Amino acid sequence: QVQLVESGGGLVQAGGSLRLSCAASENIFTTHSMGWYRQAPGKQRELIARIFSGGSTNYADSVKGRFTISRDNAKITVYLQMNSLQPEDTAVYYCYARRIGSVNVIWGHGTQVTVSS
């Protein structure tokens, strides 16, 4: 079973930046899409960014233009660069991976991002 380990969360002031990392235990980039969800207190988990096996990306409207997802094949790591952070970005951020054609999702443990006003 592939394992995903996130890092890079923390506390930042509004307008600041953070970069989240999601390291996979094996290279799944060609067989899986990967990305990031987030879940704020009392809200449903929200898909915010994903990168497909071919490298294309898409974003939720709430983060478009501020967040960038990318990957490093050598490090088997997916990144989420988050700029212009706002208090409403405060949430637990989860990395995920889904094999092409499968409905099953592999989750990371989550990393807390807190943005102070």
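The values are calculated or read from the model by the stated rules, or taken from the named source; none is laboratory data. Predicted, not measured: the structure shown is a model, and the values here were computed from it. Every residue, glycine as well, gets a Cβ built from its backbone with ideal geometry; the counts of neighbours run over all protein chains shown. For the accessible areas, the whole protein counts, side chains as well, though only heavy atoms, and no ligand, DNA or RNA atoms are used. Shrake-Rupley method; radii C 1.70, N 1.55, O 1.52, S 1.80 Å.
Below are the figures for this structure:
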quantity: Highest-fluctuation residue, I69, I106, I48 considered, GNM on the chain with Cα pairs under 10 Å; calculated: I106
quantity: Size of electric dipole in the chain: Cβ of Lys, Arg +1 and of Asp, Glu -1, about Cα centre, debye, nearest 20; calculated: 160
quantity: For the stretch 6-64 and the stretch 75-117, distance of Cα centres in Å; calculated: 3
quantity: Nearest-0.05 FRET efficiency for T114 and I76, computed from C-beta distance (R0 35 Å); calculated: 0.80
quantity: Overall Cα dimensions of the stretch 1-107 - principal axes, largest extent first, Å; calculated: 36, 29, 22
quantity: Rounded to the nearest 10 Å², the accessible area of T31 at probe 1.4 Å; calculated: 50
quantity: Rounded to whole Hz, the Karplus (6.51, -1.76, 1.60) HN-Hα couplings of the stretch 95-104, x for glycine and proline; calculated: 7, 9, 9, 9, 5, 4, x, 10, 9, 6
quantity: Calculated FRET efficiency for the pair Q86/T57, C-beta based, R₀ 22 Å, to 0.05; calculated: 0.55
quantity: Q13/V105 FRET efficiency (R0 41 Å; Cβ-Cβ; nearest 0.05); calculated: 0.80
